[in-house]
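What follows draws every value from the coordinates through simple rules; no lab data is involved. A quick note: this is a predicted structure, and the numbers were derived from the prediction, not measured. Every residue, glycine among them, receives a Cβ derived from its backbone with ideal geometry; neighbour counts consider all protein chains shown.
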2 protein chains.
Amino acid sequence: MDIREIARRAKVSTATVSRAINRVPTVDPQLAKRVWRVVDELGYYPNTQARALVLGRSRIFGLIVSEITNPFFPEIVQTFENLAVENNYEILLTSTVHDPKRMESSVRRMIERRVDGVAILTFGMEESLIEHLRDRKVPLVFVDVGPDVPGIANIRINYLNGIRQAVQHLAALRHARIAFISGPQHLKSAAARRDAFKTAMTEIGLSADLIAVGDHKMEGGMKAFRELHALDQPPTAVLCSNDMTAIGVMREAYELNVKVPDELSVVGFDDIHLAEFTIPPLTTVQMSQHELAKIAFKALLNEVDEPRSDEHHKYELMTNLVLRRSTALAASGNGAATQSKANRIPPRRIPGTPAR
Amino acid sequence: MDIREIARRAKVSTATVSRAINRVPTVDPQLAKRVWRVVDELGYYPNTQARALVLGRSRIFGLIVSEITNPFFPEIVQTFENLAVENNYEILLTSTVHDPKRMESSVRRMIERRVDGVAILTFGMEESLIEHLRDRKVPLVFVDVGPDVPGIANIRINYLNGIRQAVQHLAALRHARIAFISGPQHLKSAAARRDAFKTAMTEIGLSADLIAVGDHKMEGGMKAFRELHALDQPPTAVLCSNDMTAIGVMREAYELNVKVPDELSVVGFDDIHLAEFTIPPLTTVQMSQHELAKIAFKALLNEVDEPRSDEHHKYELMTNLVLRRSTALAASGNGAATQSKANRIPPRRIPGTPAR
DNA sequence: GGATGCATGGAAAACGTTTTCCGCAGTGAA
DNA sequence: TTCACTGCGGAAAACGTTTTCCATGCATCC
């Protein structure tokens with residue numbers, strides 16, 4: 001079923017049908033109504049690819065994430081999708097699973113589909129692929145790790161703010177041996193978090209040498225904590241590079257019969273929805289997925305609407321500690337672990353968030 | 001940059017370029033090489049929409065899920081995407097969030113983009129929307145809830161198998177008061193699970209009247225368990241309609257100071273990756289997300305390749321109980337809850353799955 | 001009443017491919 | 001040398017839109 005078919009039945013030209021459908025104001029209301037009736041009767045849906053072909057705009061955005069199975073990302077995808085629908089865009093999603101081959105094919109496919117822009121929320125990406133996209137003048141938005149050139153928006157995340165709060169929170173609870181479990185070392189964003197940890201620790205005169213490396217997954221958290229726990233002087237508090245790691249830590253602590261928070265304080269990073277539902281509920285640094293997605297989408301939209309407006313905006317996302325119940329006063333040196341009940345911060349009952 | 005540009009530079013016609021690119025065997029190898037060199041030099045990527053326009057095939061599949069933020073779905077999306085990439089397909093993803101408006105716009109958008117098929121993994125969908133898609137002869141695959149007509153593939157899930165195993169497992173552990181927390185009542189798949197529970201219970205002479213209703217989210221699990229726990233005779237075991245509900249239950253049990261598994265056995269459904277990492281690790285009924293996605297994709301591919309092969313295949317997915325550590329012997333009537341340690345099944349250490 | 005202006009709608013080109021149809025060059029046989 | 005064939009490659013149509021340009025019809029003004 002064509003636009004021609006519609007034109008024939010409405011006894012007008014295809015031009016008129018097109019104008020009517022796109023609500024061009026100069027078309028006579030009577031005629032428009034006639035066209036619309038036929039459209040509805042036949043259940044006609046314009047062919048987007050034909051439209052894209054002539055318009056030179058596909059109304060598709062690419063969205064590249066590291067790993068959709070990490071609960072951090074679905075929230076982003078959801079918000080991004082909501083915004084896309086609102087603005088009549090479609091999304092091409094890729095979850096790279098950290099595989100460079102995957103990234104490459106994904107970029108290629110996006111170029112072939114002529115996306116209008118790409119949001120790369122992958123916390124680390126090969127430079128060479130960026131080139132491909134840049135050559136084609138595809139608007140891009142990065143988080144953390146983007147070159148500083150016009151046409152490419154960058155979202156800088158203020159890791160230090162939240163991580164400093166976390167460190168100081170733990171220090172205030174008399175923890176001195178605070179460990180950090182990092183993410184995969186080659187990811188820029190993981191490095192940034194680790195650096196923020198170091199800064200925050202040295203700022204207050206603590207040494208930041210207790211660092212284990214994880215993989216931003218639960219498995220890595222478990223493994224890393226096992227190592228940490230085997231130390232001569234195991235840490236009394238662990239700050240994790242993301243929430244999944246923290247969940248792994250708590251899981252392994254359970255396995256090793258280390259009580260959280262009484263014998264071990266755990267802090268996560270990201271504040272995924274799930275963090276509120278762990279046992280105990282996880283104290284973590286919030287980096288709003290909703291905000292992030294929103295900023296990314298807006299940035300893309302900007303780029304598309306007013307391309308190459310030379311001042312390329314910078315965007316920043318703040319992070320903040322949110323207190324729950326996975327941290328407590330450090331057991332005082334003299335084997336006071338058994339008094340833990342007394343040491344513990346009074347449990348704050350966090351009301352369940354309303355079902356969204 | 002066109003195919004024409006390539007043709008000009010390679011001093012051939014566009015037809016030849018097209019043939020070379022699509023590896024039509026009749027083209028002279030010499031010439032093909034010449035064409036490819038130019039293509040690589042210029043970094044030419046064919047325009048997929050133009051191609052789709054003439055081919056009448058978009059090589060896009062739609063994927064509709066209920067809620068991407070439910071950890072059950074990202075696994076599906078990931079496998080589906082993997083398969084898509086392998087087969088040179090693209091995916092248009094929609095997370096309907098159970099919103100009929102959303103579903104409708106999603107279907108509309110997919111038709112407009114001329115998808116080659118749609119997998120509807122949404123556990124319940126409005127009939128009227130199906131019509132739209134069917135009228136256009138778009139291949140469809142449903143899970144659970146699809147009309148029984150050619151051109152529409154259906155994946156039936158054998159809920160009873162796994163749920164029966166779960167019920168009998170609990171019964172064997174001497175639980176008599178076994179409750180069920182269902183999903184949203186209007187979802188067919190939720191009803192199917194509940195019915196399976198009833199069947200399995202009555203089969204072994206237990207009454208299936210302890211049923212609370214949740215929402216397939218953690219919040220709902222918490223609320224439902226609160227209700228159950230307030231009963232005169234609260235259940236000693238809870239079977240949940242999905243894992244998120246079970247996580248909510250365990251979380252609320254923690255809040256109410258009910259020990260899992262000693263004082264309460266909890267069983268989930270789905271076996272999401274996370275289930276292995278809850279505290280305690282969750283015993284649950286496995287319904288392989290990987291398998292589900294695979295079946296769905298294959299079904300779509302079949303439909304596309306040999307359309308209307310009149311025998312429309314039926315697909316089935318099995319479910320099976322996987323034992324972890326959230327279930328234990330029921331506390332014997334005489335307040336034996338304190339002997340729980342003895343009652344408990346010896347903990348099975350489940351080795352962490354290798355990072356995938 | 002005729003010329004001018006404006007609103008409206010139609011014909012056709014354009015977007016970037018694939019593919020059908022056909023012509024041409026080269027080969028082998030007569 | 002000419003003819004028939006084969007195999008390769010080019011011209012052009014087609015896919016379904018949008019949009020430019022132009023023609024028509026009508027009202028207004030002189």
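Quick one: with label points 7 Å out along Cα→Cβ, list the inter-copy distances for A:D135 in nm, shortest first?
4.5
Can you compute 3J(HN,Hα) from phi for each residue in region A:181-187, using the Karplus curve 6.51 cos²θ - 1.76 cosθ + 1.60 with θ = phi - 60°, rounded to whole Hz and x for Gly and Pro?
Coupling constants for region A:181-187: 10, 7, x, x, 5, 7, 7 Hz.
Binned at 10 Å from 0, what are the whole-percent values of the Cα-Cα distance distribution for region A:1-81, short to long?
That works out to 16, 34, 20, 16, 13, 2, in percent per bin.
Give the distance, in whole Å, between the Cα centre of region A:147-170 and the Cα centre of region B:211-270.
39 Å
Could you list A:D305, A:D116 so that the one with the fewest beta carbons within 10 Å of its beta carbon is first and the one with the most is last?
Listing A:D305, A:D116 from fewest to most nearby Cβ atoms yields A:D305, A:D116.
Could you give the Stokes-Einstein D for region B:230-281 in µm² per second, using the C-alpha Kirkwood radius, 10 °C, 1.306 mPa s?
Once the numbers are plugged in, D ends up at 142 µm²/s.
Dipole of region A:183-316, Cα-centred, from +1 at each Lys and Arg C-beta and -1 at each Asp and Glu C-beta, to the nearest 20 debye?
Approximately 220 debye in magnitude.
Taking other Cβ within 10 Å of each residue's Cβ, how do A:M1, A:M110 sort, fewest first?
By the 10 Å Cβ count, ascending, the order reads A:M1, A:M110.
Among A:D2, B:D262, what is the fewest-to-most ranking by other Cβ atoms within 10 Å?
A:D2, B:D262
Using the Cα centre of chain B as the reference point, and only Cβ charges (+1 on K/R, -1 on D/E), how large is the resulting charge dipole? Debye, rounded to the nearest 20.
Dipole magnitude for chain B comes out near 1060 debye.
Where does the Debye-calculated log10 I(q)/I(0) of the protein assembly as shown sit at q = 0.10 Å⁻¹, using only Cα point scatterers of equal weight, no solvent?
Taking Cα atoms of the protein assembly as shown as identical point scatterers yields -1.05.
Quick query: amide H of B:L321 versus all other amide H atoms, modeled in the peptide plane; which residues come in under 5 Å with a sequence gap of 5 or more or a different chain?
Those qualifying (amide H under 5 Å, at least 5 residues apart or on another chain) are B:Q286.
Calculate, in whole percent, how much of the Cα-Cα pair population of region B:1-152 lies beyond 24 Å.
Above the 24 Å cut-off, region B:1-152 has 47 percent of its Cα pairs.
Can you tell me the order of A:45-56, A:164-175, B:83-94 when each peptide is scored by its average per-residue count of other Cβ atoms within 10 angstrom, highest first?
Highest to lowest by the protection proxy: A:164-175, B:83-94, A:45-56.
Which Cα, out of B:S265, B:A246, B:G214, lies furthest along the positive dipole direction of region B:185-274 (beta carbon charges, K/R +1, D/E -1)?
Final value for the positive-end residue is B:G214.
Copy-to-copy spacing for A:N158, label 7 Å out on the Cα-to-C-beta vector, in nm, shortest first?
Distances to the matching label points in the other copies: 5.7 nm.
When only Cα pairs under 8 Å and 6 or more residues apart are kept, what is the percent relative contact order across region B:148-240?
35 percent
Below 8 Å, C-alpha to C-alpha, sequence gap of six or more: please give me the relative contact order for chain B in percent.
Reported as a whole number, the value is 15 percent.
Quick query: amide H of B:G62 versus all other amide H atoms, modeled in the peptide plane; which residues come in under 5 Å with a sequence gap of 5 or more or a different chain?
Distant-sequence amide H within range of B:G62: B:L92, B:D116, B:G117, B:V118, B:A119.
Express in % the proportion of alpha carbon pairs of region B:40-81 at distances exceeding 16 Å.
Looking at region B:40-81, the distances longer than 16 Å represent 59 percent of pairs.
Per residue of A:43-53, count partner chain C-beta atoms within 10 Å of its C-beta, then hand back the mean as an integer.
Whole-number average of other-chain Cβ neighbours for A:43-53 is 6.
Give me the net charge of A:A20's neighbourhood, meaning all other residues with Cβ under 9 Å from the Cβ of A:A20; Lys, Arg count +1, Asp, Glu -1.
Summing Lys/Arg as +1 and Asp/Glu as -1 gives +4.
Run through the DSSP bridge list for the protein assembly as shown and note the antiparallel percent, rounded to the nearest 5.
Percent antiparallel among DSSP bridges in the protein assembly as shown is about 10.
What does the charge add up to near A:R156, with Lys and Arg as +1, Asp and Glu as -1, over the other residues with Cβ less than 9 Å from its Cβ?
-1
Enumerate the calculated ³J(HN,Hα) couplings along region A:275-285 in order (Karplus 6.51 cos²θ - 1.76 cosθ + 1.60, θ = phi - 60°), each rounded to whole Hz, writing x wherever the residue is Gly or Pro.
Along region A:275-285, the couplings run 4, 6, 10, 6, 10, x, x, 8, 6, 7, 8 Hz.
Taking the alpha-carbon distance from A:K188 and a cut-off under 18 Å, which aspartates and glutamates remain once sequence neighbours fewer than 8 residues away in the same chain are dropped?
Within the straight-line limit of under 18 Å, A:K188 reaches these aspartates and glutamates: A:E67, A:D99, A:E126, A:E127, A:D144, A:D148, A:D215, A:D243, A:D270, A:E316.
Compute the projected area of the convex hull of the Cα atoms of region B:105-218, averaged over all viewing directions, and report it in nm² to one decimal place.
8.6 nm²
Per residue of A:277-283, how many C-beta atoms from partner chains lie within 10 Å of its own C-beta, taken as a mean?
5
Restricting the calculation to Cα positions, tell me the Rg (one decimal) and the Dmax (whole number) of region A:178-234 in Å.
Gyration radius and largest Cα-Cα distance of region A:178-234: 11.5, 32 Å.
How long are the semi-axes of the ellipsoid equivalent to region B:191-294, from square roots of 5 times the Cα gyration tensor eigenvalues, in whole Å, largest first?
21, 18, 12
Binning at 20 angstrom from zero up to the longest distance, how are the C-alpha pair distances of chain A distributed in percent?
Answer for chain A: a P(r) of 27, 43, 21, 8, 0 percent.
Under a Cβ-Cβ cut-off of 10 Å, what is the net charge of the residues other than B:R51 that fall near it, where Lys and Arg count +1 and Asp and Glu count -1?
In short, +1.
Identify, among A:F142, B:V17, A:I130, the residue whose Cα sits farthest towards the positive end of the charge dipole of the protein assembly as shown, taking +1 on the Cβ of Lys and Arg and -1 on the Cβ of Asp and Glu, with the dipole about the Cα centre.
B:V17
About the Cα centre of region B:155-253, what is the dipole size in debye to 20, counting +1 per Lys and Arg Cβ and -1 per Asp and Glu Cβ, all else neutral?
In debye, rounded to 20, region B:155-253 gives about 220.
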